[in-house]
Amino acid sequence: MSYILLVEDNEATASIIIRALSAAGYEVRHFLKGLPGIQEARRETPSLVLMDFDLPDVDGRTLVLQLKKRFGRAGPPIVAVTARSDDIERKLAQRFGADAFVAKPFDPEQLVALVATLLHPTEP
Amino acid sequence: MDDASSIRLHIGATDITPEDVAAYVREQRAEHLQTMVLTGWLVLIYGLVSLLLLKLPFLYFIAVVMGALVLGSTQVMLRNDHMLDGAVWTFLLGQIGVLGLLLWADGDATAIGFLMLIPMALTGLLLKTDEHVIVAGLAVGALFLGRLHHVHWLDALGDVILPAVVGSVLVLISYLMSRRNLTLVEWSLFAQDKSEYRAELFYRQQEELRQTLRELKIANLKLERLNAELVEARQVAENASQAKSVFLSNMSHELRTPLSAIVGYTSSMLSVPMMYDNQELPTVFREDVELVMQSGQYLSDLINDMLDLSKIEAGKLELYCAPVQLDEVINSVLATARGLLKGKPLQLRADLPEDLPPVWADSTRVRQILLNLISNAVKFTETGSVTVAVSVEGQMARVAVIDTGIGIPPDAQATIFDRYEQAAHDTQRQYGGTGLGLDISKQLAIMHGGDLTLHSEVGKGSTFAFTLPLTTETAISAEPDPGGIAIFAPNSDDLEAILTVLVIEDDSATRAMIRRALEEDGHAVIDTHSGAEGLALAAGLVPDLIVLDVFLGDEDGWEVLAALKADAATATVPVVVCTVAEDRHRALRLGAACFLPKPVTPAAVRAGIHNAVRAHT
């Protein structure tokens, strides 16, 4: 099981996610900006990607698309993390290839549950 | 004025002066004299021959010799230019002398009388009129003297009358001829004067024209210099504006980061015990921590508003428009607003027509406007209702937020949308809010192509209304929000159809237009104004397509193109180059997949993308 790639520019949000997932036993690699994150993903394929949609340098949607195109169906699940919870954003995330969607603010417990479901789909 | 002499300089060799005429006349005289002398030689030879044949007395031989002398000396004098006068007189007087002598020696007056007419006639060609009279007089005198030797003076007088008359007529004729010639010369000189005058006029006009042209050139140069200065000043202003934007963007990040820590952590402390080893926050701390969180939230809102406002002011706020179903957005905002009621006995409702067509708008910003208006309405209304009513007016949808609140007095109405003007301070403190919301809402409404208006009556309530353009495109329908986390069904759409496009374009209007054209076709767009940043993005992202403008302000787009093709990571990405038509071959030679002619239109962008993708696969 490889690492979880987290691309999130908000420190507080990132800290919450890291703490929650680490407590659940996962290794999280955190990047504040999109391009370094994508480079890391190319260097070593992650098990799962948590991508913030509101990144300052590059549009998160585009990064999701690029990652999905690169890794394909067999690649890691990609979760879009966004500040907007409206359905338009949701549809966009889906259209750009995200496998799941998390709106801020979220319940960290639910996030961990989501990650678990995505990483071990056959487990009950 | 030295114009006259300068004109002379200009007209030059064709100038004719009276001196030229005189010189010409002298030349003619010399020529005539030469001809006469030659003729004289022939006559002399004839005389000599007849003298010998007719066996005339010795006297005639003397006459021939004298004639030869006259002719000879005339000829000699003719060689010298300034002895011309002497030659003429010698010739004429010589003839008169010889003939007079002959008459004196031999008495036959008739023949001599006829012969004497010759010099009288020739004088007309050689001398002026007054001199002509003298010669004629001398000739007549010589005749008279010659006859006198043979007859009584009265008879001699009678003999010379006829020659005298003929001589006078000859003088008259030559006088009249010379007058005519003189008139002709005068006329030509006059004509010359006229043309000289015209030439002077023309030259003066030319000078004036040249002067005007010089002045024009100077004015042009000044204009060019002014233009250059303006371009420079504009560049300075743009740089300053750019620097301000960068500063704002940095400050925004600097301000937001600690604030999100404040809000995030306090919120977690209050509601996410899992983060703290599952320990709940003790009740005694809760109220204070809540206050910290609310303060942080308020600060965060204020900063967001201020940044929005300065972005709008700088013209840097961009709208991401799409077809939007207003009813979904309105219902969603109303649901959020219910949380603001805090127990007030207010009705929140929506009044929406059936079959409301979608509007072309940025849903986030519409939400922002609605939330601002609705939260204001809720704040200032104690009882009654807050209604969001939508109506279709022509090509626009009118969204009105109607409340039954305290209303706004007319003087406050006048300044309520004004930048930097806020309502009286107590209103601010009493009702909260950042005070900037209405300003931002109005600007956003205007940016969408509509406006935000107010109608209010104190004690009755207020109606804030804004308009949005309708669109015929179908909107993505929204579903109620189940809580923020969802797993999507496996996406059956072909991701390959969606392109990741990197747009490197200096001009913000063009950039926005290209982005809109691409996003409307469903592609993902990343844009930048900087070539250097574009190269970094291209290398990091490896997009499906790059749209590159060769004019990138300070940077050279051609260099960027070359760099893209030189880097192995980006070399295979098709590049659509945006440039003027003349450079198309250069673009294609440097590796561009396709080129977009300037000025760029959305249709051209689509076609260019289509071609580039087709060529690539």
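Please treat every number below as a calculation from the coordinates, not as lab data. Just so we're clear, the structure is a prediction, and the values are computed from it rather than from any experiment. Counting neighbours? That spans all protein chains shown, and the Cβs are built from the backbone with ideal geometry, glycine included.
Using a Förster radius of 35 Å, what is the FRET efficiency between residue B:277 and residue A:40 based on their Cβ-Cβ separation? Nearest 0.05, please.
Working: r = 30 Å, r/R0 = 0.87.
Working from the Cβ atoms, E equals 0.70.
Neighbouring Cβ atoms within 10 Å as the yardstick, rank B:442, B:316, B:342, A:104 fewest first. All intermediate terms of the calculation are to be shown ahead of the outcome.
Details: B:442 23, B:316 15, B:342 7, A:104 18.
By the 10 Å Cβ count, ascending, the order reads B:342, B:316, A:104, B:442.
Please report, ordered by residue number, every helix of chain B (full DSSP H runs) that is 27 Å or longer along its axis going by C-alpha atoms and whose mean Kyte-Doolittle hydropathy reaches 0.5. Present the calculation step by step, with values, prior to reporting the outcome.
Details: long enough: B:18-54 (52 Å, 0.69); B:58-79 (32 Å, 1.72); B:84-105 (31 Å, 1.58); B:129-148 (28 Å, 1.20); B:153-271 (169 Å, 0.02); B:283-313 (45 Å, -0.03).
What comes out of the filter, once short or polar helices are dropped, is B:18-54, B:58-79, B:84-105, B:129-148.
The modelled label-to-label distance between residue B:451 and residue B:341, using points 7 Å beyond Cα along the C-beta direction, is 3.5 nm. Under the rule a/c < 1.5 gives rounded, and otherwise a/b versus b/c splits prolate from oblate, where does the range A:1-95 land using the Cα gyration tensor? Rounded shape, in that the Cα axes give a/c under 1.5.
Here's the list of aspartates and glutamates a cross-link from residue B:128 could span, going by alpha-carbon distance under 12 Å and ignoring same-chain residues fewer than 8 apart: B:85. Cross-link pairs exceeding 28 Å in C-alpha to C-alpha distance, out of B:442/B:598; B:316/B:598; B:316/B:344; B:342/B:460; A:33/A:104, comprise B:442/B:598; B:316/B:344. Out of all Cα-Cα pairs in chain B, roughly what percent, to the nearest whole number, are more than 41 Å apart? The proportion of pairs with Cα distances above 41 Å equals 61 percent.
Please report the relative contact order for chain B, taking Cα pairs under 8 Å with a sequence separation of at least 6, and give it as a percent rounded to a whole number. Write out the running numbers ahead of the final one.
Values: 734 pairs, mean separation 40.7, N = 617.
This gives 7 percent for chain B.
Counting, for every residue in A:90-97, the Cβ atoms of other protein chains within 10 Å of its Cβ and taking the mean gives 5.
Classify the range B:561-617 from the C-alpha gyration tensor, please: rounded if a/c falls under 1.5, else prolate or oblate depending on whether a/b exceeds b/c. Taking the square roots of the gyration eigenvalues as a ≥ b ≥ c, the range B:561-617 is oblate. Modelled label positions at residue B:556 and residue B:42, each set 7 Å beyond Cα in the direction of Cβ, lie 9.1 nm from each other.
The slack in the chain from residue B:512 to residue B:20, taken as 0.36 nm per residue of separation less the alpha-carbon distance, amounts to 168.8 nm. Inter-chain Cβ neighbour count for B:327-338, averaged per residue, equals 1 (cutoff 10 Å, partner chain atoms only).
Counting alpha carbon pairs within less than 8 Å and at least 6 residues apart, what relative contact order, in whole percent, applies to chain A? Normalised by residue count, the contact order of chain A is 24 percent.
Between residue B:352 and residue B:243, what is 0.36 nm times their sequence separation minus the Cα-Cα distance? Round to one decimal in nm.
On the way: separation 109, 0.36 × 109 = 39.24 nm, distance 4.52 nm.
Gain in length upon complete extension: 34.7 nm.
Working from label points 7 Å from Cα in the Cα-to-Cβ sense, the residue B:458 to residue B:495 distance is 6.3 nm.
Tell me whether the range B:228-380 comes out rounded, prolate or oblate; compute the Cα gyration tensor, take square roots of the eigenvalues as a ≥ b ≥ c, and use a/c under 1.5 as the rounded threshold. Walk me through the intermediate numbers first.
Working: a/c = 2.66, a/b = 1.24, b/c = 2.15.
Verdict is oblate for the range B:228-380.
Scanning residues 5 or more positions from residue B:397 or on other chains, those with amide H under 5 Å from its amide H are B:468, B:470, with H placed 1.01 Å from N in the peptide plane.
Evaluated at q = 0.04, 0.05, 0.11 Å⁻¹, a Debye calculation over the C-alpha positions of the protein assembly as shown (equal weights, vacuum) places log10 I(q)/I(0) at -0.43, -0.48, -1.24.
The fraction of Cα-Cα pairs per 5 angstrom bin, counted from 0 for the range B:191-308, comes to 2, 9, 9, 9, 7, 6, 6, 5, 5, 4, 4, 4, 4, 4, 3, 3, 3, 3, 2, 2, 2, 1, 1, 1, 0 percent, rounded to whole percents.
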